[in-house]
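**Q** One structure follows; several queries about it will come next.
The values are calculated or read from the model by the stated rules, or taken from the named source; none is laboratory data. Note that the coordinates shown come from a computational prediction; the quantities given were computed from them, not determined experimentally. Neighbour counts are summed over all protein chains in view; Cβ atoms, including those assigned to glycine, are modelled from backbone coordinates with ideal geometry. What goes into the accessible areas is simple: the full protein's heavy atoms, side chains included, and nothing from ligands, DNA or RNA. Shrake-Rupley method; radii C 1.70, N 1.55, O 1.52, S 1.80 Å.
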Amino acid sequence: MNRLIEILLGLDRGFLAREGDFSLAFNPQWPGGGTAVWNFALVVLGIALVFYVYRRDGRGRWPRVILASFRLMLIGLVLALLNRPTVTLTQSRIEPSVLAIAIDDSLSMRVADVPTAGDQLETRLAAVTKLLSDKDAAVVKELAKKHELKFYRFDADASAVATSTTQPSPTIEPLGQNTQVATSVRTILRDLQGRRLAGVVGLTDGRDMPQQSLAAAIDEVKDFGTPVFAIPVGSDQPPRNIELQQVSVEDAVFAKEIANIKATVRVTGPSAAPVVVRLKDKKTGKVMLTPEGRPIEATFTPAGDAPGEVELLFTPAEPGSLSLIVEAEPRAGEINTEDNAREIQLSVLDAKINILYVDGYPRWDYRYLKNEMIRDKTIDVSCLLLSAEASFRQEGDKPITRFPETAEEMLQYDVVLIGDVDPRELSDNQTQLIADFVGRRAGGFAMVAGPLFSPAAWKGTPIEAVLPVDVTKSASEDWGTNGGTLAEGFRPRVTKAGLDSGLFRFLPDKAENETFLKQTWQPLFWYSRNVMAKPGVGEVFAEHPTDLGPDGRLAPILVAGRYGAGRTAFLAVDDSWRWRYYTGESVFDTFWVQQLRYLARGRKLGERRMTLVSQKPVTDLGQQVRLTLRVIDPQLQTQLPPQLRVQIVSSDGTTTRLETLVRQEPGDTYLASFSADRLGKFTVKLAGPVPGVDDLTLPIEIAVPKLELSTPQVDRVALARLASETGGKLIELTDAAKQLPLIASAERRVPVISNQPVWNAPLALLMFVIVLTSEWIARKWFGMV
């Protein structure tokens with residue numbers, strides 16, 4: 001039926017089936033635009049014409065009335081068609097209200113400082129998730145009745161998050177490393193530009209990291225004219241946290257040697273009580289014990305929120321590899337307990353080291369040092385006194401009669417110690433053997449200065465390159481130089497590098513040890529002048545308190561360095577034996593045993609054939625983890641392929657990724673780097689077997705960047721300003737479930753009008769013909785034709 005009407009009216013197919021309100025309207029287009037005037041004039045003219053024609057007709061009254069009526073109907077139809085009648089369909093197009101919900105997914109949302117009903121604390125993101133999903137997502141469903149919801153996640157910037165009918169609120173993991181609230185809101189507004197936006201709901205702690213100009217950012221947001229409803233999530237107070245910022249220790253120590261583990265601790269937040277730091281075995285989780293059976297622990301007393309250092313002194317009993325945990329005791333309410341512990345890998349070396357000690361004549365230092373090494377059960381020493389007669393029986397645990405002449409003989413030792421020796425006593429081949437032993441075989445080398453030959457006489461020999469000091473300006477001295485009789489001594493000033501090395505650790509208590517070094521340590525009198533540490537090679541461990549060297553710096557007394565694969569040292573004094581005064585053997589023996597073990601580490605580590613280290617033990621999320629594998633054994637270097645694969649294994653034993661170590665020139669080093677994209681503690685392992693290498697592992701940790709958690713308390717002032725200046729409102733998290741549904745809808749109904757002309761429709765012609773035909777029939781009936 002509708003289709004028939006559409007045909008009669010000349011309408012498009014389906015026009016009458018559309019939803020909306022239909023009406024008849026006119027769209028006249030009279031000359032001059034006077035529609036009413038034209039219609040009035042034509043009506044009057046038509047009526048006058050009909051009246052004039054039929055008034056003079058001589059027939060009866062009713063025939064004239066009937067014929068006049070037909071004529072008026074015809075004139076009325078023509079007049080209606082001249083006014084261009086149209087059928088109008090009025091419809092409404094709805095522009096829906098859109099509400100953006102932005103959820104902060106930066107790392108600070110991991111902070112557990114939101115109280116729950118049971119007086120417990122939950123993370124900020126958990127509180128947001130509860131608000132949106134509690135009671136079958138009641139809040140989300142209520143908002144969806146008035147608004148089209150658009151979810152966003154943001155940290156430094158915002159991005160849309162997909163949702164579904166089965167999961168109306170998004171699942172978000174807090175991994176963002178920076179937070180920029182106003183910038184993220186601006187991105188959301190640009191993304192929804194052109195939509196009927198009721199507002200932006202921001203669930204965040206409001207703390208911008210890094211800080212930016214809040215006024216400038218808010219001004220850009222205000223230009224959009226959209227209200228921001230800010231919901232602060234978290235506490236206004238600085239949260240409590242105990243952070244083990246750094247742990248430092250030598251990667252290798254000798255069995256029965258004290259390992260000084262230094263831990264840097266920082267405590268923030270209220271009630272900063274003393275913190276106990278313990279050393280634990282990773283495998284068993286038990287606290288490690290001292291030789292006396294006491295727990296290895298130290299107490300850190302915070303001074304404000306400044307970091308401080310504690311020491312844990314550990315004496316391993318047997319050689320091997322140890323995985324240890326340094327842990328600061330966790331406290332209730334900490335924002336991040338993952339940073340309370342750090343893992344360290346410690347290689348415990350065989351305590352027995354082999355020393356070749358060569359001196360030119362039996363000076364005091366030679367006598368006491370030789371006796372000390374012979375007494376020490378962890379040292380096997382071979383002494384060679386060059387001034388002795390041929391019949392003299394050389395001393396030591398392994399007596400010798402000459403200096404080694406082959407590489408095989410040299411490799412029986414871990415350290416070569418040269419005293420005040422005339423280099424002419426050794427052949428060029430023997431001095432080159434020493435250089436090769438240190439540079440290629442990771443042997444240790446030390447020179448103890450003397451007034452006759454060392455170090456000045458060694459200029460121009462292969463040993464000059466091995467030394468960690470520049471000796472070009474030094475000169476041999478006669479006894480009694482340095483200003484005649486030496487009546488006033490000096491105490492070497494130990495540098496920070498020297499203190500960190502542990503070579504000058506004579507007393508268990510750190511403070512007492514530093515006092516001893518400054519006030520009680522026996523003075524020395526002579527030292528080798530005009531030497532200076534080689535830039536980039538030598539590191540000064542001790543220096544003269546007042547005298548300057550050729551470079552204008554305090555004259556070096558003890559300098560450590562590296563030459564190739566080996567460790568080197570230069571001691572500028574020859575009277576360390578004076579340190580025996582008033583202390584017996586303890587200070588003198590401790591210094592030299594630690595010194596020799598320090599030098600022997602490279603050689604002992606060479607027994608492992610290769611080492612694996614990371615640039616940093618703890619890497620921030622999003623940064624690069626850089627691994628370095630160093631092949632110490634030259635023979636093994638020739639057997640390995642250009643690339644080696646390593647596994648990155650998580651704490652639950654799952655292999656999370658495989659990485660490739662690529663060999664670098666000259667061939668003893670392999671490098672790899674990858675992005676730290678997952679939080680946690682991991683172990684790096686070789687993916688395949690390597691001949692002669694057992695259980696080479698490296699613990700690494702990927703942690704929360706410190707910037708985002710440095711000041712994670714809620715910035716309520718910034719959020720209130722953002723809300724008020726945009727015409728929005730600050731809504732407390734506890735009131736959000738009630739307040740959010742009250743956000744007014746921005747929906748708008750837009751009328752849509754469709755017109756279809758009917759003045760030229762078939763029905764118009766049909767009506768014209770019917771009226772005209774009816775008049776003609778009437779005229780015929782009344783005999784007027």
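**Q** Output the residues belonging to the range 350-371 that are open to solvent by 10 Å² or more (accessible area, probe 1.4 Å) and among the aliphatic types (A, V, I, L, M).
**A** Applying the first criterion (open to solvent by 10 Å² or more (accessible area, probe 1.4 Å)) to the range 350-371 yields 350-352, 354, 360-364, 367-368, 370-371.
Result: A351, single match.
**Q** Might you check whether a residue that is part of a strand (DSSP E or B), under 30 Å from I434 (Cα atoms) and touching a helix residue (DSSP H, G or I) at 6+ places or on another chain (Cβ under 6 Å) occurs anywhere in the range 495-512?
**A** Scanning the range 495-512, I find no residue that is part of a strand (DSSP E or B), under 30 Å from I434 (Cα atoms) and touching a helix residue (DSSP H, G or I) at 6+ places or on another chain (Cβ under 6 Å), so the answer is no.
**Q** Have a look at I94, I103 and point out the one that is surrounded by 19 or more Cβ atoms within 10 Å (Cβ to Cβ) and either without any contact (Cβ under 8 Å) to a residue 24 or more places away in the chain or under 60 Å from the mean Cα position of the chain (by Cα) (or both).
**A** Values: I94 fails: surrounded by 19 or more Cβ atoms within 10 Å (Cβ to Cβ).
Result: I103 is the single residue among I94, I103 that is surrounded by 19 or more Cβ atoms within 10 Å (Cβ to Cβ) and either without any contact (Cβ under 8 Å) to a residue 24 or more places away in the chain or under 60 Å from the mean Cα position of the chain (by Cα) (or both).
**Q** Which residue pairs have Cβ atoms closer than 6 Å, lie 6 or more positions apart in sequence or on different chains, and pair a first residue in the range 8-30 that is under 20 Å from P762 (Cβ atoms) with a second residue that is open to solvent by 60 Å² or more (accessible area, probe 1.4 Å)?
**A** Every condition considered, the pairs that remain are L8/P762; L16/N2; N27/R84.
**Q** Sort through R562, R580 and tell me the only one that's modelled with pLDDT of 85 or more, out of contact with any strand residue (DSSP E or B) (no Cβ under 9 Å at 6 or more places or on another chain) and of a type in the set (K, R).
**A** So the residue among R562, R580 that is modelled with pLDDT of 85 or more, out of contact with any strand residue (DSSP E or B) (no Cβ under 9 Å at 6 or more places or on another chain) and of a type in the set (K, R) is R580.
**Q** Within the range 18-61, track down each residue that is in a helix (DSSP H, G or I) and farther than 23 Å from W759 by Cβ.
**A** Of everything in the range 18-61, those that are in a helix (DSSP H, G or I) and farther than 23 Å from W759 by Cβ turn out to be A48, F51, Y52, V53, Y54, R55, R61.
**Q** Can we say K352 is of a type in the set (K, R) and modelled with pLDDT of 90 or more?
**A** The answer is no for K352.
**Q** Let me spell it out: the conditions are (1) in a helix (DSSP H, G or I); (2) of a type in the set (S, T, N, Q); (3) exposed (fewer than 12 other Cβ atoms within 10 Å of the Cβ), and S69 meets all of them except one. Which number is the exception?
**A** Tallying (1) in a helix (DSSP H, G or I); (2) of a type in the set (S, T, N, Q); (3) exposed (fewer than 12 other Cβ atoms within 10 Å of the Cβ), S69 fails exactly one: (3).
**Q** I'd like the full set of residues that are open to solvent by less than 20 Å² (accessible area, probe 1.4 Å), at pLDDT below 90 and within 20 Å of S159 (Cβ to Cβ), limited to the range 206-238.
**A** G206, D208, M209, A217, V221 - these are the residues of the range 206-238 that are open to solvent by less than 20 Å² (accessible area, probe 1.4 Å), at pLDDT below 90 and within 20 Å of S159 (Cβ to Cβ).
Conditions (1) of a type in the set (K, R); (2) at pLDDT 95 or above; (3) in contact with a helix residue (DSSP H, G or I) (Cβ under 8 Å, 6 or more places away or on another chain), marked per residue:
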position: E395; (1), (2), (3): no, no, yes
position: P399; (1), (2), (3): no, no, no
position: A407; (1), (2), (3): no, no, yes
position: V416; (1), (2), (3): no, yes, yes
position: D436; (1), (2), (3): no, no, yes
position: G443; (1), (2), (3): no, no, yes
position: M447; (1), (2), (3): no, yes, yes
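**Q** Only one of K130, K150 is modelled with pLDDT of 85 or more, of a type outside the set (S, T, Y) and either surrounded by 19 or more Cβ atoms within 10 Å (Cβ to Cβ) or not in a helix (DSSP H, G or I) (or both); which?
**A** Of the residues listed, the single one that is modelled with pLDDT of 85 or more, of a type outside the set (S, T, Y) and either surrounded by 19 or more Cβ atoms within 10 Å (Cβ to Cβ) or not in a helix (DSSP H, G or I) (or both) is K150.
**Q** Also: Go through the range 299-319 and give me each residue that's closer than 16 Å to G502 by Cβ, among the hydrophobic types (A, V, I, L, M, F, W, C) and out of contact with any Phe, Trp or Tyr (no Cβ under 9 Å at 6 or more places or on another chain).
**A** Across the range 299-319, the qualifying residues are L312, L313, F314.
**Q** Among the residues of the range 740-757, what is the count of those that are among the charged types (D, E, K, R) and closer than 12 Å to A198 by Cα?
**A** 2
**Q** Same structure again: So which strands (runs of 3 or more DSSP E) are wholly in the range 549-647 and hold at least 1 residues that are open to solvent by less than 30 Å² (accessible area, probe 1.4 Å) and within 18 Å of E665 (Cα to Cα)?
**A** The qualifying strands (runs of 3 or more DSSP E) are 610-614, 624-631.
**Q** How many residues are part of a helix (DSSP H, G or I), open to solvent by 60 Å² or more (accessible area, probe 1.4 Å) and more than 14 Å from K738 (Cβ to Cβ) if we restrict to the range 133-147?
**A** Selection size over the range 133-147: 2.
**Q** Next question, about the same structure. Among the residues of the range 250-282, count how many are open to solvent by 10 Å² or more (accessible area, probe 1.4 Å), out of contact with any Phe, Trp or Tyr (no Cβ under 9 Å at 6 or more places or on another chain) and within 17 Å of P319 (Cβ to Cβ).
**A** Looking only at that region, the number is 4.
**Q** I would also like to ask the following. Six or more apart or on different chains, Cβ under 7 Å: which pairs go from a residue in the range 630-645 that's within 19 Å of F674 (Cα to Cα) to one that's assigned to a loop (DSSP other than H, G, I, E, B) and acidic (D, E)? Could you list them?
**A** Short answer, once both residue conditions are applied: R630/D668.
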